[in-house]
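Worksheet: the structure to be examined is printed underneath.
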Amino acid sequence: MQKKKIVAMLLAGGQGSRLNSLTKDLAKPAVPFGGKYRIIDFPLSNCTNSGINTVGVLTQYQPLILNSYIGIGSAWDLDRKDGGVTVLPPYAASTEMKWYTGTASAIYQNLNYLHQYNPEYVLILSGDHIYKMNYELMLDHHIEKGADVTISVIPVPWEEANRFGILNTDEELRVIEFDEKPKEPKSNLASMGIYIFNWKVLEEYLEVDNDNSGSSHDFGKDILPLMLKDQKNLFAYPFKGYWKDVGTVQSLWEANMDLLDSSSELNLLDQSWRIYSVNPNQPPQYISKDATLTDSLVNEGCTIEGTVTRTVVFQGVSIERESVVTESVIMPDAVIGKGCIIEKAIISSGIKVPDGLVIRPKNNGEILLVSKETLEEMAIH
Amino acid sequence: MKKRLLGVIDATTYAEDLKDLTLHRSVAAIPFGGRYRLIDFILSNMVNSGIESVGIFPKYPFRSLMDHLGSGKNWDLNRKRDGLFFFPFSSDDKPNFGMNSFEHFAANIDFLNRSTQEYCLISDANTIFNMDFNPLLEWHMEQGCDISEVRRDGAPLNIFLVKTSLLLELIDSRDKTGNYCMRDVVTDIDSPYQVCYYPYEGFAVTVDSIDQYYFASMEILKPTIWGQLFLKERAILTKVKDEPPTHYSKSASVHNSMIANGASIEGIVENSIIARGVKIAKGAIVRNSIIMQKTQIGENSILDHVIVDKDVKVESGITLIGTKDAPKILQKGSIIKGACVNS
């Protein structure tokens, strides 16, 4: 097997419990986004566009849809003879069952995958974020700085800094402190959960961490603080551009609304940095003579007969006559019946909203997540 | 029904009346319905009917057709066994019209000789329809016909079903009988074969003129028609493009139109078909028109009854008016500047 310069490990096992019913039967990276995509399309497309063609995808929680979506990786051009995408589920070894208990344990348990490529560098990614990033530039930065590990960072608002892993750096971007969710942050540079390790250093620290029974086997909590203590070379890589954690119903909705802004930095029309996905191959959208459709994104296979404003509509959706849909996200194959009013809502995949239903949040700023169960409850009351 | 039918697509059709759309492509590769090419309909119908081996006999120029079909992956025809076969004609002394069909088949006779399928479905590539061929095969066997021809309202759709062995015989005897294509065979009064006509009742339009092209395009805007053509369980497949969803701006106004992905609509669109990656600027009005891939319509331009081919740039403030019977056609890659107003 050809030696690889860099191999990516994409942590896609997360439950995403703050997305409530959206992740009941679905791993968070498989949650639909942007009218056409799933969250994992962003890191996978970034890999392809950055020239990284060997990607291990670590799955654990509700992997069925995610695994079949990834397939052999052809949607992202990752069906390669040598390398390509490999789904890495937890497995039973001769001595024990090995569930992934933390981000570091997930990588530790797949050291054999990395051994077979024996790369120079390992890129650790998570499947929770919407962003476009050239990992090749980050690698250049890593090499230039002579780092053992490089952590991609982005400035966050000071008042939110206590929710993130915060890095304090010197002028050379050398990390001098790493505070996981600090009460009094000294900086607003937050870790994006994207790391480039020198492979040998990663291997060494994963072994050490695995032997430490007190460890939670997490990169942010255990591995990075230990490396800092050992005076390894930790550097920050400042990222500029759109980056959003879509871990909550609110933030998922916001990120969808961001796409409606034509000046959005997440320009999906950019041919030079395509976001690839499994194309549904459905007919063009049909906009009826009575429809009003403005300030929205609509995907293939939709039929729009109602009034739709500031809404992201996924493939195969029908919005029937006299319905008014505003500031919402309609996930694949949902049907909005006649004369409905829907405001500030996320309508889950495949559900049928009955004629005349009004869906509107009670409180200002609230976003309603509507699932099959929500509709059943509404029918009772 | 598995593997009993072999698909043969005769993509050599040439229609003088379509020449404005076929300067750079064959009839089979004419874009249709915002994201398809004409060949997608017959090819998808074959695949959806369980056909796993399809031979395509194209006509020059076939670059765009080859690019479109690729390995056949989008139709699930990139197979180890069977799959998609592409047979450009091998004679270069007849570059414009190529060979007749049987001569073309004969030049690639190994494809037919090696096929294990007992029956063969032979079709042209320019009919827009969604048909399951399994009932046709059942019917053909029940009737005990030698050749079944599919017709709609008595008009031929240039789709024939024969035993593969009979097709080989017909090809072999072409110089003796003077029959050089399936149409010749079924219209030959001396033919010893029993020909049956299978009535097809669904929507079907054979595109052999601009009139028919425009008519079929406007027909698919009727929900009853697109409901027949674009079935979830028998989807018309095409080359996928990874285009993002279409963006409608605050100033967009769209009525009775089909719009493909990756478009950006800021103007008014009515009774039109808009293909992938098209941009319609603010204040532009597009009515009763067909706009093909990646074309840009500038601000405040007005288009009515116009067929605009791929990669055309209509600059701002231009008015182009055709009629239902004679839609205006803008050729691929053209740039329409102010001087052309009302021309």
When the Karplus curve 6.51 cos²θ - 1.76 cosθ + 1.60 is applied with θ = phi - 60°, which whole-Hz ³J(HN,Hα) does each residue of region A:155-164 get, with x for Gly and Pro?
x, 10, x, 3, 5, 9, 4, 6, 8, 10
Putting +1 on Lys and Arg Cβ atoms and -1 on Asp and Glu Cβ atoms, find which of B:Y248, A:S68, B:L38 reaches farthest to the positive end of the dipole of the protein assembly as shown.
B:Y248
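Just from its helices, what would the mean residue ellipticity at 222 nm be for the protein assembly as shown, if runs of 4 or more DSSP H residues each count -39500 (n - 2.57) and the sum is divided by every residue, rounded to the nearest 500 deg cm²/dmol? Write out the running numbers ahead of the final one.
Numbers: 19 runs with 153 residues, N = 724.
Result for the protein assembly as shown, helices only: -5500 deg cm²/dmol.
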What would the Debye formula give as log10 I(q)/I(0) at q = 0.10 Å⁻¹ for the alpha-carbon point model of region B:4-142, no solvent?
-0.32
Any residue on another chain or 5+ positions along whose placed amide H is under 5 Å from the amide H of A:L88 is listed here as A:V57, A:L58, A:T59
Could you work out the mean count of beta carbons from other protein chains within 10 Å of each residue's beta carbon in B:224-236?
2
For A:K240, give me every one of the lysines with a C-alpha distance below 18 angstrom, ignoring sequence neighbours fewer than eight places off in its own chain.
A:K132
Find how many whole Å separate the alpha carbon centroid of region A:219-240 from the alpha carbon centroid of region A:309-377.
44 Å
Looking only at aspartates and glutamates whose Cα falls under 14 Å of A:K338's and that sit 8 or more positions away or on another chain, we get A:D290, A:E305, A:E320, A:E322, A:D355
Most exposed first by the Cβ proxy, i.e. fewest other Cβ within 10 Å, how do B:C145, B:C120 rank?
B:C145, B:C120
Quick check: net charge around B:I274, other residues with Cβ under 15 Å of its Cβ, Lys/Arg +1 and Asp/Glu -1?
0
Read phi for every residue in region B:248-256 and hand back ³J(HN,Hα) as whole Hz from Karplus 6.51 cos²θ - 1.76 cosθ + 1.60, θ = phi - 60°, with x for Gly and Pro.
10, 7, 4, 8, 6, 9, 10, 9, 6
How tilted is helix B:134-143 with respect to the longest principal axis of chain B? Cα atoms for both, answer in degrees (0 to 90, nearest 10).
30 degrees
Go from 0 up to the bin containing the longest alpha carbon distance in the protein assembly as shown, width 10 Å each, and give me the % of pairs per bin.
3, 13, 20, 21, 19, 14, 7, 3, 1, 0
What does the charge count around A:N363 come to, taking other residues whose C-beta lies under 15 Å from its C-beta (Lys +1, Arg +1, Asp -1, Glu -1)?
0
log10 of Debye I(q)/I(0), alpha-carbon scatterers only, for region A:4-259 at 0.07, 0.13 Å⁻¹:
-0.22, -0.82
If the limit is 29 Å between Cα atoms, which of B:K250/B:K294; A:K3/A:K36; A:K36/A:K244; A:K289/B:K59; B:K222/B:K328 go over it?
A:K3/A:K36; A:K289/B:K59
Lys/Arg Cβ at +1, Asp/Glu Cβ at -1, dipole of chain A taken about the Cα centre: which of A:V153, A:N188, A:P283 is farthest positive-ward?
A:P283
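Arrange A:E172, A:E254, B:E103 by Cβ neighbour counts within 10 Å, fewest through most, would you?
A:E172, A:E254, B:E103
All of the numbers you see were taken from the coordinates with simple rules; none came from a lab. Since this is a predicted model, take the numbers as computed values, not measurements. Here Cβ is always computed from backbone atoms with ideal geometry, including for glycine, and neighbour counts include all displayed protein chains.
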